[in-house]
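Colleague: This is the structure I have questions about; it appears just below.
Read the figures in this text as sums done on the coordinates, not as results from a lab. Small disclaimer: the values here were computed from a predicted structure and weren't measured. When we count neighbours, we look across all protein chains shown, and the Cβ atoms used for this are built from the backbone with ideal geometry, even at glycine.
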Amino acid sequence: MGKQSAERRLADNEARAYARLLRVSPRKLNLVAQLIRGKDASAALTDLTFSKRRIAREVKKVLESAVANAENNHQLDVDRLFVAEATVGRSLVMKRFRARARGRPGGIQKPISNLTVIVREREEAEEEA
């Protein structure tokens, strides 16, 4: 006897990947997430590959993980996947200080973010339109 497994929170045509503790501010990460929202998975991967932002490499890894989850765990067609959601959230903020003039402290905040990417398979009717 064990606990029953929890119901799946996502729809049957969706897959998710989640990255915790990304060392970038949520504001900067959201700019990269905004770049891929609503795009086909292949187009989003291409955009992230050629993006100049440092965090784009990490976002690309998360997107690739979501596509792999869709293909291997949920048997979805990779060619029909698109980025349904790319959500950014705040995590920890490391607080540091730097000594400033006359012995005063200067506060430094080092924010950390979380990223969730959900890919969804397009329906046949949407592809034809």
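Colleague: Could you pull out the trypsin sites (Lys or Arg not before Pro) across the range 37-129 that fall in loop regions by DSSP (anything but H, G, I, E, B) with no more than 10 other Cβ atoms inside 10 Å?
Modeller: K52, R100
Colleague: Of all DSSP beta bridges in the chain, what percent run antiparallel (nearest 5)?
Modeller: Close to 100 percent.
Colleague: Loop by DSSP (not H, G, I, E, B), at most 16 other beta-carbon atoms within 10 Å: where is the longest site-free stretch of the chain for GluC sites (Glu not before Pro)? Could you put the intermediate results ahead of the total?
Modeller: Values: sites that count: E7, E123.
By the stated rule (loop sites, at most 16 other Cβ atoms within 10 Å), 8-122.
Colleague: Which lysines, if any, have their Cα less than 25 Å from the Cα of K95, not counting same-chain residues under 8 positions apart?
Modeller: Qualifying lysines at Cα under 25 Å: K28, K110.
Colleague: Now, a different point. Over all alpha-carbon pairs of the chain, lay out the pair-distance distribution in 5 Å bins, whole %, shortest bin first.
Modeller: The distribution over the chain is 2, 10, 18, 17, 15, 12, 9, 6, 4, 3, 2, 1, 1, 0, given as percents.
Colleague: Right, next: With the contact rule set at Cα under 8 Å and sequence spacing of 6 or more, what percent relative contact order holds for the chain? Please report the intermediate quantities before stating the final value.
Modeller: Values: 220 pairs, mean separation 46.8, N = 129.
Result for the chain is 36 percent.
Colleague: If you don't mind, there's one more thing I want to ask. Any idea how far the Cα center of the range 1-69 sits from the one of the range 83-120, in Å?
Modeller: If you average the Cα positions of each part, the centres end up 18 Å apart.
Colleague: Next question, about the same structure. Only helical DSSP H runs with n ≥ 4 go in: add -39500 (n - 2.57) per run for the chain, normalise by residue count and round the 222 nm mean residue ellipticity to 500 deg cm²/dmol.
Modeller: -9500 deg cm²/dmol
Colleague: What FRET efficiency comes out for R57 versus L10 if R0 is 22 angstrom and r is the Cβ-Cβ distance? Round to the nearest 0.05. Let's see the in-between values first.
Modeller: Working: r = 26 Å, r/R0 = 1.16.
Calculated value: 0.30.
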